[in-house]
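Computed from the coordinates by the stated procedures, all read-outs in this text should not be read as laboratory data. What you see is a predicted model; the values in this text were computed from it and never measured. As a convention, Cβ positions derive from the backbone with ideal geometry for all residues, glycine included, and neighbour counts pool all protein chains shown.
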Amino acid sequence: MITPVLLAVLALALAGPVPALLARSDWPYRVPRAAVALWQAIALAAVLAALGAGIALSYSTAGQPGEPRFDPSSPRDLLAAAILAMTALVVLRLLWATGKVAVGTRARRKRHRDLVDVLATPDGLIPGLRVLAEETPLAYCLPALRGHRVVVSVGALDRLDDTELKAVLAHEQAHLRARHDLVLEAFTALHAAFPRWVRSEVALEQARTLVELLADDDARRRSGPRPLARALVALAGSPAPEAGLAAAKSSTVLRVQRLADPEPGNTALAAGTYTAAALLLVLPTFTVAAPIVKAIVNAVS
Amino acid sequence: MEQLWAAPDALTVRAVYEQVSTTRDLAYTTVMTVLDRLAKKKLTERERDGKAWRYRAAAPREEMAADLMRDALDRAGDRREALVRFVDQVSDEEAALLREALARLEEREG
């Protein structure tokens, strides 16, 4: 009976207090790549622990190993079956949300790309670059396996000099190369899978910030911190009356302040973060797998 | 696409080809393929006119541009994940912090 309780506690901790605590810390920003891995591990471990708690609970309710027969007249077995069904429902919901986000995002992206292709002019500076005749400063990318686009508006070009533009493009290309959108998609799906009252924005928000930092680091290595910082300030600081400002505290200040500091690089911290991520995944997996393996071994021998 | 936006009525492939070929060296079949592809993407609408198709833009240029901008500027809701923005606009308060950090960087770099 102790396994399901432990797993449930782990799942709850990973769903609430741990992300909240991690989001308030500054050190993950120094090792963005490891921090992304850690967030992924936390999310995956939370799901595994929650599912494991369900399986383990149903297993320990159903009775002793050695009497594996399901007895519909026993309330204990019925309860166990109900718990198992609930667990399966959670799995289905996760799969459903993942599919829905994947299909929806791709459809919207494709529609947007079609619009970009008829409205914007191609530019040969980098592959997939399109220039949009709009005064609002815009720079973004449309990730895709094939036929990605980087869109820059005339308003943005007016505000950037050559080196700054190169830094912006390097940033976007880093997103496209590393398929950061897939990282975000997974967190979006997880976020969408849970009902409003239990989910939190924290993991998704942190993932968004961290992939921006990763792309910033890449662009910084290519063109130095100064053009990138200038480009960020030029594009973020320009007034955009139509945008709903102050909706969320942006990560932009963090990004520019980070560029102003010497390049971070902390191997020990990164290694520690990766280790924590690995442990998080190994622990619940083993706790779930151990009793099942034991039961199978018992049943066979 | 420009020709279709400019025309008041739906155009046949032949009409579009004749207009386009005054400035660009394109084959008739190329124009036909492009128009067909645009129709599949629902950017143009087409109707039968005897043996030929007549094409028109699905919406005025301004409307499509507005549609695109809605996507590009949306920062909440489910359009958000479709594109990855370089940077979002910030408040005045944050803009001041930004300039401060930039000044620090410029100073350090000399």
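Stretching A:V9 away from A:A81 to a fully extended chain increases their span by 23.7 nm, per 0.36 nm per residue minus the current alpha-carbon distance. Translational diffusion of the stretch A:110-264 was estimated from the Stokes-Einstein equation, with Rh taken as the Kirkwood radius over Cα pairs; at 10 °C and 1.306 mPa s the coefficient is 96 µm²/s.
Sketch the reach of a paramagnetic label on A:L145 as a point 7 Å from Cα along Cα-to-Cβ, and name the residues of the stretch A:83-117 whose backbone nitrogen lies under 18 Å away. Residues A:98-111, A:113 fall inside that zone. Would you please state which residues of the stretch A:134-169 a label at A:R179 would reach in this model, taking the label point 7 Å out along Cα→Cβ and a backbone N cut-off of under 20 Å? Within reach of a label on A:R179, which here means backbone N under 20 Å from a point 7 Å along Cα→Cβ, the stretch A:134-169 contributes A:141-150. Rounded if a/c is under 1.5, else prolate if a/b beats b/c, else oblate: with a ≥ b ≥ c from the C-alpha gyration tensor eigenvalues square-rooted, which is the protein assembly as shown? Cα axes put the protein assembly as shown in the oblate bin. For chain A, relative contact order (Cα pairs under 8 Å, six or more residues apart, normalised by length) works out to 25 percent. The lysines within cross-link reach of B:K41, meaning a Cα-to-Cα straight distance under 25 Å and a gap of 8 or more places when in the same chain, are A:K100, A:K110, B:K51.
Take each residue of peptide A:184-194, count the partner chain Cβ atoms within 10 Å of its Cβ, and average: the result is 1.
Applying 1/(1 + (r/R0)^6) with r as the Cβ-Cβ distance of B:R70 and A:A299 and R0 = 56 angstrom yields a FRET efficiency of 0.40. With loop membership from DSSP and a limit of 14 other Cβ atoms within 10 Å, the longest segment of chain A without chymotrypsin sites (Phe, Trp or Tyr not before Pro) is A:71-196.
Per-residue extension of 0.36 nm, minus the Cα-Cα distance of A:D158 and A:R222, leaves a gain of 20.8 nm for this segment. Spin-label pair B:A58-B:R24: with each label point 7 Å from Cα along the Cα-Cβ axis, the two points sit 2.0 nm from one another.
Checking the a/c ratio against 1.5 first, then a/b against b/c, what shape does the Cα gyration tensor give for the stretch B:2-57? Rounded is the answer for the stretch B:2-57, as its axis ratio a/c remains below 1.5.
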